[in-house]
Amino acid sequence: MILFGSKIKELRKQNRYTQLELATLLGVTKSTIASYENDSRQPSYEVLVKLADIFHVSIDTILLNRSSNILEIDHLKEEQIKILKMLIETFQKSNLIDDAIDMDSTALIDMMLKFKKLSDIETKNALKNLK
């Protein structure tokens with residue numbers, strides 16, 4: 001299990017921020033960031049929300065070490081959001097098929113190919129309905 005402070009440090013480094021840069025963005029001191037990272041201090045709810053916003057992740061990602069990125073959909077039309085959701089679901093299903101192929105399981109591959117074919121048909125129909 002990853003510690004909370006380690007997750008903040010990992011996200012900070014992935015985003016190429018120094019402790020000072022992150023502190024400035026959060027409106028705290030560099031030593032406060034160091035305290036978060038060594039688990040001697042916990043951020044307030046407000047700082048936690050800012051961290052999630054800065055790193056473009058959910059609060060769950062920070063607290064529970066989940067890997068869910070957040071897509072910014074502000075200023076998109078409802079139809080565009082629906083299309084993005086369908087694309088994401090299609091990619092996820094396609095990746096399941098790729099994983100099944102990598103496992104070399106023929107029964108699973110057959111099932112996933114049928115699932116993909118149905119999914120492709122549903123996606124095409126949904127896209128037609130949006131036009």
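Key figures for this structure:
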read-out: Only listed residue being modelled with pLDDT under 90, within 21 Å of the chain's Cα centre (by Cα) and part of a loop (DSSP other than H, G, I, E, B), chosen from 74, 99; value: 74
read-out: Residues within the stretch 46-67 that are of a type in the set (Ser, Thr, Tyr) and either at pLDDT 95 or above or surrounded by 12 or more Cβ atoms within 10 Å (Cβ to Cβ) (or both), tallied; value: 2
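The values are calculated or read from the model by the stated rules, or taken from the named source; none is laboratory data. In this text, all values refer to a predicted model and were calculated from it rather than measured experimentally. Don't worry about glycine lacking a Cβ; one is built from the backbone with ideal geometry, like all the others, and counts go over all protein chains shown.
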